[in-house]
1. Along its three principal axes, how long is region 117-164 when you only count alpha carbons? Whole Å, largest extent first please.
2. Please identify every one of the GluC sites (Glu not before Pro) in region 147-205 that sits in a loop by DSSP and has no more than 15 other beta carbons within 10 Å of its own beta carbon.
3. Among the GluC sites (Glu not before Pro) in region 75-126, which ones are in a DSSP loop with at most 13 other Cβ atoms within 10 Å of the Cβ? Mind listing them?
4. Taking all protein chains in place and a 1.4 Å probe, what share, in percent, of the accessible surface of region 77-230 do carbon and sulfur account for?
5. Step by step: find N for region 113-194, compute 2.2 N^0.38 Å, then divide the Cα radius of gyration by it. What's the final number?
6. Per the Debye formula with a single identical scatterer at each Cα and no solvent contribution, what log10 I(q)/I(0) holds for region 82-230 at q = 0.16, 0.17 Å⁻¹?
7. Where does the charge balance sit around residue 118 when Lys and Arg score +1, Asp and Glu -1, over other residues with C-beta under 15 Å from its C-beta?
Amino acid sequence: MTRDRPAFGARRLHTLLQRDGLRINHKQVRRLYLEEGLQFKPRRRRRRAATVRQPRAFVSAPTERWATDFMHDVLATEQHARVFTLIDVYSRECVALEVERSFSGTDVARLLSDVGDRAGHSPAIVQCDKGTEFPSTALDHWACWNRMQLDFSRPGKPVDNSVCEAFNGWLGRECLTRYWFASLAEAQTELSTWRADYNNVRPHARLGLQSPAQFRASRDQPASVATLRN
């Protein structure tokens, strides 16, 4: 029997023996099964061939790579609000800061398009996590149509989107926790004011204590001088 059914264990073999009319205790079947060495070795799961995550390309100019994320806040009316943040990875400039009750993938695509139109062109890559707004069909189709790559963070690895994570920390400490907004309109006004101060005034340690606007201007100046010389 074991030759015909080598994959059967002691329990199934005992059942078949009973069907054949043999009166035998299941414990005896199991003892004989083990003594004859008929048990299979535990199957080891094969590990999938993991692909090593390639290091991200070095960003050398503004509007080459953006990073985006969402924050959550509660208004004085106990109404929940979502804050959309969009950062230029090179200059650390906040290129968009919007608040709404909720955002869909279509809303994210619209915001990215609007910011790209204002900047003159959109980046080739946008970093984001796998929140509910980003892995959407609408955003995926928009990114494919506009030849933009969505660089998703690995699960449990916020360091993959560290630029936005750091910015969200500053935004929370310096703005969201300091005010109790009465409405979405008031929240948008305060966020716009804070964004202007962040981009033009606030010193940034990673930029040599320059503001993002000053850093961008200092990087644009050599190119302008070279153009005048030519």
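The values are calculated or read from the model by the stated rules, or taken from the named source; none is laboratory data. Just so it is clear, the structure is predicted and the values come from calculations on it, not from any experiment. Cβ sites come from the backbone with ideal geometry, for glycine too, and all protein chains shown count toward neighbours. Only protein heavy atoms, including side chains, enter the accessible area calculation; ligands, DNA and RNA are left aside. Shrake-Rupley method; radii C 1.70, N 1.55, O 1.52, S 1.80 Å.
1. Cα spread of region 117-164 along its principal axes, largest to smallest: 33, 23, 14 Å.
2. none
3. Passing both the DSSP loop test and the Cβ count: 78.
4. Percent of accessible area from carbon and sulfur atoms in region 77-230: 52.
5. Ratio of Rg to 2.2 N^0.38 Å for region 113-194: 1.31.
6. -1.00, -1.11
7. In short, -2.
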